[in-house]
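The values are calculated or read from the model by the stated rules, or taken from the named source; none is laboratory data. Predicted model, so just to flag it, every value in this text is computed and none were measured. For neighbour counting, all protein chains shown are included, and Cβ atoms are generated from backbone atoms with ideal geometry for every residue, glycine included.
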Amino acid sequence: MKTILTIILCIVAINISAQTKKRPAKKPVNQTVAKPTLQPQPKAKASTKADAYSTSQNYSTAIGVKFLYGISLTAKHFLKEKHALEGIFTYRGFNGLGSQIGVSLAYEYHLPVNAIQNLKCYVGGGGHFEYFSFDDDLVDPTTTVGALGVLGLEYKFKGLPIAISADWQPVFTFNSGGGFSAENGGIGVKYTF
């Protein structure tokens, strides 16, 4: 629609220009012509790190929420063009059993998906901490520490300060018997700036 309007406006402008074209006026014989003076051009504004991040990544920082395995608050900040840190705070309730609180910090490496503009895939890893409290007073709460993996996709909407993501963040815990948990990650919506 925008392209059609642009073409129509160009055709109308050409027609108006052709209809109103006049012959140039004759110059007076004894009139001097002033030489044009050169005006200095304004210097281009120096680019900043934030400009570089927003050019390649479309934003430098984002905050938002993530759903699927509980509810999470998330914050992501780009350190360099493709390198980001993401902090995640998660709450997850288990009906009648207890509740879990988790904190993760992950390093993520982003790569563009060439087929779709503003779509990035990312991989990474980091540390993870969980606290699980049981509803039964006879069972002590447990605390676990582990390593977190990250694999995901993120799409930043052009012209809007919104990014959506889908990721998987498996965890391997070191204490409390240790073990692998695949139930981390989710669908996220973030406000970007």
Seminar exercise, completed: Note on segment 60-91: residues buried (at least 18 other Cβ atoms within 10 Å of the Cβ) and part of a strand (DSSP E or B) are ALA62, GLY64, LYS66, GLY70, SER72, THR74, LYS76, PHE78, ALA84, GLU86, ILE88, THR90
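Working carefully through the options ASN184, ASN175, find the one that is farther than 22 Å from ILE71 by Cα and touching a residue at least 24 places away in the same chain (Cβ under 8 Å).
Among ASN184, ASN175, only ASN175 is farther than 22 Å from ILE71 by Cα and touching a residue at least 24 places away in the same chain (Cβ under 8 Å).
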For this session: Sort out which residues of segment 170-193 are of a type in the set (Phe, Trp, Tyr) and outside any strand (DSSP E or B), and write them in order of number.
Result: PHE174, PHE193
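Filtering segment 92-110 down to residues that are of a type in the set (S, T, N, Q) and surrounded by 15 or more Cβ atoms within 10 Å (Cβ to Cβ), which residue is nearest to GLY126 (Cα to Cα)?
Ranking the candidates gives SER104 first.
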For this session: Identify the residue in segment 140-149 that is part of a strand (DSSP E or B) and touching a Ser or Thr at 6+ places or on another chain (Cβ under 9 Å) and, among all such residues, is modelled with the lowest pLDDT.
Result: THR142
Exercise. Just a yes or no: is a residue in segment 120-139 in contact with a helix residue (DSSP H, G or I) (Cβ under 8 Å, 6 or more places away or on another chain) and either at pLDDT below 95 or under 20 Å from ILE88 (Cβ atoms) (or both)?
Worked result: yes
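Considering each residue of segment 92-124, count those that are assigned to a loop (DSSP other than H, G, I, E, B) and hydrophobic (A, V, I, L, M, F, W, C), and give that number.
Adding up the residues that qualify gives 4.
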Exercise. Could we say that ASP167 is charged (D, E, K, R) and in a loop (DSSP other than H, G, I, E, B) here?
Worked result: no
For this session: Please work out which residue is surrounded by the fewest Cβ atoms within 10 Å (Cβ to Cβ), limiting yourself to segment 165-193 and to residues that are modelled with pLDDT of 90 or more, over 17 Å from ALA106 (Cα atoms) and of a type in the set (Ser, Thr, Tyr).
Result: TYR191
